[in-house]
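The values are calculated or read from the model by the stated rules, or taken from the named source; none is laboratory data. The structure displayed is predicted, hence computed values, not measured ones. Methodologically, a virtual Cβ is constructed for each residue, glycine included, from the backbone with ideal geometry; neighbour enumeration extends over all protein chains shown. Accessible surface is based on the protein model in full, side chains and every heavy atom, while ligands, DNA and RNA are left aside. Shrake-Rupley method; radii C 1.70, N 1.55, O 1.52, S 1.80 Å.
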Amino acid sequence: MAVVSKGLEGIVAAETRLGEVKGAEGILFYCGYDINELAGKVSYEEVVYLLFYQKLPNRAELEKLTTALRAERELPQGVIDYLLAAPKKAKPIDIMRTAVSMLGSYELNRHDVDVSENLATAIRLVSQIGVIAAYFHRARTGKELPPIRKDLSEAAHFLYLMTGEVPSKEAEKTLDVAYVLHAEHGFNASTFTARVVASTLSDMYSAISAAIGALKGPLHGGANEGVIHMLEEIGSPDKVDAWVEDALAQKKKIMGIGHRVYKVLDPRAPHLREMAIQLTAQLGEAKWIQMSERIAEIMRERKGLNANVDFYSATVYYSLDIPTDLFTPIFAIARMSGWTAHVLEQWSENRLFRPLSEYVGRPYGQKVVPIDER
Ligand SMILES: CC(C)(COP(=O)(O)OP(=O)(O)OC[C@H]1O[C@@H](n2cnc3c(N)ncnc32)[C@H](O)[C@@H]1OP(=O)(O)O)[C@@H](O)C(=O)NCCC(=O)NCCS
C-alpha cells in the first residue's frame, strides 16, 4: 500500500555501499569506517579512493589516484574565460554550478554510462571543482590566477589558489579534515538529487550541477553561511540569549542547529568544534566560539536540538580567512567525491526513481467552462 511521507522521511529509496547515517546513535560511517576512525587518520584523497573503490588504498593505489587527480587540475580555457567574465557579485556557488555544467560540454563522448569512462569524469570533477571556486574568487577580487601546481594535496592546492601562497601545514590539515568530514552523508538532499538525475541515464555533469543547486539551499549546505551571518548579527556573547529568545519567539530557524536524521549529536560536529576552539584561540577571536557554544547550549535546553556539521565548520572556515560566500562551495568541493561515487553506484544497478504523489486537489471530473463564462 502506498504511504505518504512528507520530505520522504523514513523512506528507504535504494541500497548503498558507500555510507550510512545512524541517526539515533549519532553514527556516520563511510564503507564501514566510522567517521571518528577516519578523521585525522586518513587524508581526503584516501577517502576519495575509499568512496570510489570501497576500500582504503595501499601506497601504490593512493599514489596512482593522487597523480590522476593532480593531472586533471587544468580547466578548459572556455571555463576560465567564463570565470573571468562572470558577474563579480554573483554567488560563487552559482558560478560553480554553471561551470560544472559547462565542463560537460567539453566531454562529448562521455554522456553514456560506461563506468570506466565515468570514473575518469568523477576524478576530473573532484580535481577541478576547487579550482573553479578559487579561480572565480581570484577573478572577482581582481587578482591574477595562480598557475596550477601538481605538488600539493587537494586541500593545500585550494588554499594556494585562493591566496597565491602555499598554506601552512596546519591550515592544510584543518581543511583536509573538514573535507574528510564532509565527503559523504547517505541520501541527503543533494546526493539524492544527483542519483535521481543519474537514474534517468542523464550524464554526470547534469547530475552534479543539480546536486550543487540542491546543496545551495539554507536548509542544506547553505546553513554554514547562515551561521556566520547569525554570529555577525548577534555581535557579542552578551547578546546571544536575547537574540536566540527573540528568534525562537518569531519561530525562526537557527542555522547550524537540528537535523533530519540525527536525533543525537552529529558526530562530525565535535571534530569541527575542536578545530574551531583551537583556531579562534590562536587568532585571539574567542568570541565566535563563545557565542556558538552558548547558542548550542540554549538550543539543547530549549528545543532538545543539537549542533550539526555546519554549526562549527562556519567558524573553522572563517578562522582560515575564507570569505563567507565560499563556505557552501567548500562543502561542495568535499562532497564532490560522495556525489560522484553515488552517481557511479546508481548506474551500476540503475532503476529510474519515480515516486508517487497523493492528489489533494479539486475532485476528479471537472468540466471545462467556456473561457468567457468563467
Ligand atoms: C535540518 C532541518 C531542515 C531538519 O528539519 P526537519 O527534520 O524537517 O525538522 P523540522 O523543520 O520539521 O523541525 C522540527 C521541529 O524542530 C524545530 N527546529 C528544527 N530545527 C530548528 C532550528 N534550527 N531552529 C529552531 N527550531 C528548529 C522546528 O521549528 C520544529 O519545531 P515545532 O515542532 O515546534 O514546529 C532543520 O533542523 C533546520 O532547518 N535546521 C537549520 C538549517 C541547518 O542547519 N541545516 C543544515 C542541516 S545539516
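Worth pointing out:
- Inter-site label distance for Glu107 and Ala90 at 7 Å from Cα along Cβ, in nm: 2.1
- Annotation: extensible slack from Leu219 through Ser357 equals 47.4 nm (criterion: 0.36 nm per residue apart, minus Cα-Cα distance).
- Sequence-ordered 3J(HN,Hα) estimates for the range 197-213 from the Karplus curve with 6.51, -1.76 and 1.60 and θ = phi - 60° stand at 4, 4, 5, 7, 6, 6, 9, 4, 5, 5, 4, 6, 4, 5, 4, 4, x Hz, glycine and proline given as x.
- Largest-first ordering by accessible area, 1.4 Å probe, given options Arg273, Arg138: Arg273, Arg138
- Estimated inter-spin distance, Lys22 and Glu165, nm [label 7 Å along Cα→Cβ]: 4.5
- At full extension, Glu274 and Gln77 could sit 66.9 nm farther apart than now, given 0.36 nm per residue minus the alpha carbon distance.
- Gyration tensor (alpha-carbon) shape descriptor, the range 118-180, a/c threshold 1.5: oblate
- Cβ-Cβ distance of Arg374 and Lys6, R₀ of 30 Å, FRET efficiency by 1/(1 + (r/R0)^6): the value works out to about 0.35.
- Residue ranges 32-44, 307-319 sort as 307-319, 32-44 when ordered by packing (mean number of other C-beta atoms within 10 Å per residue, highest first).
- 3J(HN,Hα) along the range 160-174: 4, 5, 5, 10, x, 10, 5, x, 5, 4, 5, 5, 4, 5, 4 Hz, from the Karplus curve 6.51 cos²θ - 1.76 cosθ + 1.60 with θ = phi - 60°, whole Hz, x for Gly and Pro.
- If the Kirkwood radius is taken over C-alpha pairs of the range 255-353, then at 25 °C and 0.890 mPa s the Stokes-Einstein diffusion coefficient equals 162 µm²/s.
- Full-extension gain in nm, Arg260 to Lys150, via 0.36 nm per residue minus C-alpha separation: 35.7 nm
- Long-range amide H partners of Ile27 with built H, under 5 Å: Lys22
- Cα-projected label distance for Lys55 with Ala14, points at 7 Å along beta-carbon direction, nm: 2.4
- Relative intensity, log₁₀ I(q)/I(0), of the chain from a Debye sum that treats every alpha carbon as a point, q = 0.07, 0.08, 0.10 Å⁻¹: -0.33, -0.42, -0.65
- On a per residue basis, the chain carries 48 Å² of accessible surface, using protein heavy atoms and a 1.4 Å probe.
- Relative contact order (%) - the range 223-319, alpha-carbon pairs under 8 angstrom, separation at least six: 45
- Cβ-derived FRET efficiency at R0 56 Å, Glu301 paired with Lys64, nearest 0.05: 0.65
- Exceeding the 23 Å Cα-Cα cut-off - candidates Lys216/Lys252; Lys89/Lys143; Lys239/Lys287; Lys88/Lys143; Lys89/Lys252; Lys150/Lys173: Lys89/Lys252
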